[in-house]
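For reference, the structure is listed below as structure tokens.
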Amino acid sequence: MATQGKLVDINSATAAELDALPGIGKSRADAIIKNRPYSGKDDLLARHIIPKNVYDEVKDKIIAKKG
């Protein structure tokens, strides 16, 4: 589960870790996993995976590590 101060990597997080983020939920978590890999966290917006209002809630809690 996401803990305070620890960023969730959208390229490797489990569905449960993504689901724990505000506004994500199971279906969005599944969509994030299905559309991997991401070159940056803003890919979630660019590829229309999540809406801007949800992105604004989670952008400071996520990261997209490369590799």
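Nothing in this text is a laboratory measurement; each read-out follows from the coordinates by a stated rule. Values in this document were obtained by computation on a predicted structure and should not be read as measured data. Here the Cβ is made from the backbone with ideal geometry for all residues, glycine too, and neighbour counts use every protein chain on show.
Report, in cubic angstrom per residue, the convex hull volume of the C-alpha atoms of the range 1-65. Kindly include the intermediate steps, with their values, before the conclusion.
Working: hull volume 4.6 nm³, N = 65.
Per residue, the Cα convex hull of the range 1-65 comes to 70 Å³.
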- Step through the residues of the range 36-46 one at a time and calculate ³J(HN,Hα) from phi using the Karplus curve (6.51 cos²θ - 1.76 cosθ + 1.60, θ = phi - 60°), rounding each to whole Hz and writing x for Gly and Pro. 5, x, 10, 8, x, 5, 5, 4, 4, 7, 4
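Would you mind calculating the relative contact order of the chain from Cα pairs under 8 angstrom and at least 6 residues apart, reporting the percent as a whole number?
Details: 84 pairs, mean separation 27.4, N = 67.
RCO, the chain: 41 percent.
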- The simple spin-label model distance between Ala16 and Asp60, using points 7 Å out along Cα→Cβ, in nm, is 2.7
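At 222 nm, what helix-only mean residue ellipticity would the chain give, in deg cm²/dmol to the nearest 500, using -39500 (n - 2.57) for each DSSP H run of four or more?
Working: 4 runs with 26 residues, N = 67.
Roughly -9500 deg cm²/dmol at 222 nm, from the helical runs in the chain.
Mind checking the dipole of the chain: about its Cα centre, +1 per Lys or Arg Cβ, -1 per Asp or Glu Cβ, Debye to the nearest 20?
Details: 12 positive and 9 negative charges, 35 e Å.
In total the dipole reaches around 160 debye.
Work out how much length Asp42 to Asp30 would gain on full extension: take 0.36 nm times their residue separation and subtract the Cα-Cα distance, in nm to one decimal. Before the final figure, lay out each step's value.
Values: separation 12, 0.36 × 12 = 4.32 nm, distance 1.73 nm.
The span from Asp42 to Asp30 would gain 2.6 nm if fully extended.
Once the other residues with Cβ under 14 Å from the Cβ of Glu17 are scored (Lys, Arg +1; Asp, Glu -1), what is the net sum? Could you put the intermediate results ahead of the total?
Details: positive: Lys6, Lys26, Arg28, Arg36, Lys61, Lys65; negative: Asp9, Asp19, Asp30.
Neighbourhood net charge equals +3.
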- Amide H partners (placed H, <5 Å) of Asn11, local residues excluded: Lys65
- Qualifying trypsin sites (Lys or Arg not before Pro) for the range 12-54 [loop in DSSP, other Cβ within 10 Å: at most 12]: Arg47
- Long-range amide H contacts for Ile62: which residues qualify at under 5 Å (H placed 1.01 Å from N, peptide plane, sequence gap of 5 or more or a different chain)? Val8
- Among the listed pairs Lys6/Lys41; Lys41/Lys61; Lys34/Lys65; Lys26/Lys65; Lys41/Lys65; Lys41/Lys66, give every one whose C-alpha distance is greater than 18 Å. Lys26/Lys65
